[in-house]
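K.L.:
Supplied in structure tokens, the structure appears directly below.
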Amino acid sequence: MEELRDRPFHKHVELEPRFGKRRTVRTVLDAGRVLVREWPGEGGPKKMKAMATVLAALKGRCKPSKARTALIEAAKADRILAADREDFPEAAE
């Protein structure tokens, strides 16, 4: 079995999976948890792509930035992207 390894995103992503409830996603593992446990409804094809990309990043097959981009695209498609931390330079790490 392959070892899964969590890795941080270079910038956080703010989601609002439920009305009035914000969720800050800081790592690849956080993204996986949101996609599996907190995503509203079934989601669409971009959610499925994000899930596959997050798993690949956890396995070390792609960079965390690729998983972050896939998460953002899925969140935009399902209208739950609250804010991309690139909008808030003081929060960038």
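Results for (1) in contact with a Gly (Cβ under 6 Å, 6 or more places away or on another chain); (2) within 16 Å of GLY60 (Cα to Cα); (3) surrounded by 14 or more Cβ atoms within 10 Å (Cβ to Cβ); (4) modelled with pLDDT of 95 or more, shown as yes or no for each residue.
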| position | (1), (2), (3), (4) |
| --- | --- |
| GLU2 | no, yes, no, no |
| PRO8 | no, yes, yes, yes |
| GLU16 | no, no, yes, no |
| LYS21 | no, no, no, no |
| THR27 | no, yes, yes, yes |
| ALA31 | no, yes, yes, yes |
| LEU35 | no, no, yes, yes |
| GLU38 | no, no, yes, no |
| GLY41 | no, no, no, no |
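K.L.:
Continuing with this model, one more query. Report, ordered by the first and then the second residue, all pairs with beta carbons closer than 7 Å, sequence separation of six or more or different chains, a first member in the stretch 52-69 that is within 14 Å of GLU2 (Cα to Cα), and a second member that is surrounded by 13 or more Cβ atoms within 10 Å (Cβ to Cβ) and among the basic types (Lys, Arg).
P.N.:
Between residues of the stretch 52-69 that are within 14 Å of GLU2 (Cα to Cα) and residues that are surrounded by 13 or more Cβ atoms within 10 Å (Cβ to Cβ) and among the basic types (Lys, Arg), the close pairs are ALA57/ARG7; ALA57/LYS63; ALA57/LYS66.
K.L.:
With the requirement that a residue be surrounded by fewer than 18 Cβ atoms within 10 Å (Cβ to Cβ) and not basic (Lys, Arg), what does the stretch 56-74 give you?
P.N.:
ALA56, GLY60, CYS62, SER65, THR69, GLU73 - these are the residues of the stretch 56-74 that are surrounded by fewer than 18 Cβ atoms within 10 Å (Cβ to Cβ) and not basic (Lys, Arg).
A quick yes/no check of all residues on (1) in contact with an Asp or Glu (Cβ under 6 Å, 6 or more places away or on another chain); (2) assigned to a helix (DSSP H, G or I):
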residue: HIS12; (1), (2): no, no
residue: LEU15; (1), (2): no, no
residue: ARG22; (1), (2): yes, no
residue: GLY41; (1), (2): no, no
residue: LYS46; (1), (2): yes, yes
residue: ALA50; (1), (2): no, yes
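The values are calculated or read from the model by the stated rules, or taken from the named source; none is laboratory data. Everything numeric here is computed off the predicted structure, so don't read it as measured data. When we count neighbours, we look across all protein chains shown, and the Cβ atoms used for this are built from the backbone with ideal geometry, even at glycine.
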